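The values are calculated or read from the model by the stated rules, or taken from the named source; none is laboratory data. Treat the numbers as computed from the prediction; the structure is a model and nothing was measured. Note that we place each Cβ from the backbone using ideal geometry, even for glycine, and neighbour counts take in every protein chain shown. Please note that ligands, DNA and RNA were not included when accessible areas were found on the heavy atoms of the full protein model with its side chains. Shrake-Rupley method; radii C 1.70, N 1.55, O 1.52, S 1.80 Å.
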Amino acid sequence: MPADSDRNIIEQLSWDEVARRIGNGAAAILPIGAGAKAHGFHLPLNTDRIQAEWLAARIAGRIDALIWPTVTYGYYPAFVEYAGSGSLSAPVFEASIHEIVAGILRFGCRAAFVVDTGLSTLAPVDRALARLDSRDVLHLKAYDGPRYRRAAARLSEQGHGSHADELETSLMLALAPELVDMSRAEASPRRQRETPGRLTPSDISSPNYSRSGSYGDPTLATRAKGEVLLAAMVDDLAEQVTAFLAPGMAADDRSGEIKPQSASCS
């Protein structure tokens with residue numbers, strides 16, 4: 001995370017300082033981002049974690065929130081054939097998120113924001129949070145805001161994609177260019193139609209064959225695209241957070257969710 005976010009990271013604070021901040025009205029942020037999940041040949045396994053923690057730091061800076069340790073293990077079944085990629089079962093992941101967020105709320109935080117940079121994680125997290133008081137918790141789906149969707153539709157040149165593709169690679173070129181090896185970026189095979197199921201690096205007869213583990217065309221990525229996408233994403237999430245914390249906002253207005261779009265990264 002950025003150095004200027006240190007005062008918001010609970011791992012670096014004493015417990016009584018955390019208690020004092022909560023007593024003064026601090027909200028909580030729980031980032032969810034895989035610490036080890038294949039992202040093609042050109043991106044590191046912790047790509048999702050980098051994005052989740054960067055977003056958490058930006059949101060925390062705007063509302064002076066406390067950031068909980070990132071959940072780096074999750075439900076990522078599409079990538080288990082790629083070395084190093086981990087995935088919990090959906091029920092285990094769902095139960096873990098429910099217990100973690102319930103524990104955060106028990107400390108008295110005025111709200112908990114779950115920043116989620118996955119796709120397969122969305123449904124289990126929704127189910128986990130549905131068992132909590134909707135007045136206190138909000139699922140922030142990183143790629144689903146209207147500004148981000150419009151920017152993605154305008155900038156995208158690839159024919160298909162949703163993972164380690166043109167968009168996600170552009171985000172990483174803006175966030176951590178030193179970790180991106182564009183010389184190894186490789187487009188996945190073009191598809192006539194989307195086929196549900198896990199990606200495979202070995203079964204060339206599969207409709208989900210991807211030698212690299214990317215889904216889309218990362219060779220089209222640029223830092224300029226990433227900067228536009230990041231700005232749109234942050235504005236989307238900041239608007240959701242600000243509205244959620246607004247005094248007198250009805251609980252029903254807080255429960256609205258934006259459906260995932262194909263432009264999102266997983």
Quick check of the Kirkwood formula: for region 1-137, what is the inverse mean of 1/r over all pairs of different Cα atoms, in Å? 15.3
Between SER134 and ALA83, what length in nm is gained on full extension when 0.36 nm per residue of separation is reduced by their alpha carbon distance? 14.6 nm
For region 140-218, go through all pairs of different Cα atoms, get the mean of 1/r, take its inverse, and jot down that Kirkwood value in Å. 13.6
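What number comes out for the charge environment of GLY161, summing +1 per Lys or Arg and -1 per Asp or Glu over other residues with Cβ under 9 Å away?
Values: positive: none; negative: ASP165, GLU166, GLU168, ASP217.
Value of the local net charge: -4.
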Among VAL71, GLY84, LEU55, whose Cα lies farthest out toward the positive end of the dipole of region 1-115, if unit charges sit on the beta carbon of Lys, Arg (+1) and Asp, Glu (-1)? LEU55
PRE reach from PHE107 (point 7 Å along Cα→Cβ): which of region 59-81 fall under 13 Å by backbone N? 65-70
Solvent-accessible ranking of THR121, THR195, largest area first, probe 1.4 Å: THR195, THR121
Name the residues whose placed amide hydrogens come within less than 5 Å of the amide hydrogen of ILE29, ignoring near sequence neighbours (fewer than 5 apart) on the same chain. LEU66, ILE67, TRP68, PHE113
On the formula 1/(1 + (r/R0)^6), with r taken between the Cβ atoms of SER205 and ARG150 and R0 of 35 Å, the FRET efficiency rounded to 0.05 is 0.40
FRET efficiency, 1/(1 + (r/R0)^6) with R0 35 Å, evaluated for THR242 and GLN12 via beta carbons: 0.85
The chain: C-alpha pair distances exceeding 31 Å, %: 23
With everything on Cα atoms, drop me the angle between helix 90-106 and the longest principal axis of the chain, reported from 0 to 90° to the nearest 10. 30
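If R₀ is 45 angstrom, what is the calculated FRET efficiency for the pair ARG20 and GLU227, using the beta carbon separation as r and rounding to 0.05?
Values: r = 37 Å, r/R0 = 0.81.
After rounding, the FRET efficiency stands at 0.80.
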Roughly what angle does helix 223-245 make with the longest principal axis of the chain, taking Cα atoms, 0 to 90 degrees, to the nearest 10? 30
For ARG127, the accessible surface traced by a 1.4 Å probe with all protein chains present amounts, in square angstrom to the nearest 10, to 110
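Tell me the carbon and sulfur percent of the accessible area for region 102-154, rounded to whole percent, probe radius 1.4 Å. Can you show the working numbers first?
Values: 1060 of 2110 Å².
Here it works out to 50 percent.
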State the antiparallel share, in %, of DSSP beta bridges confined to the chain, rounding to the nearest 5. 5
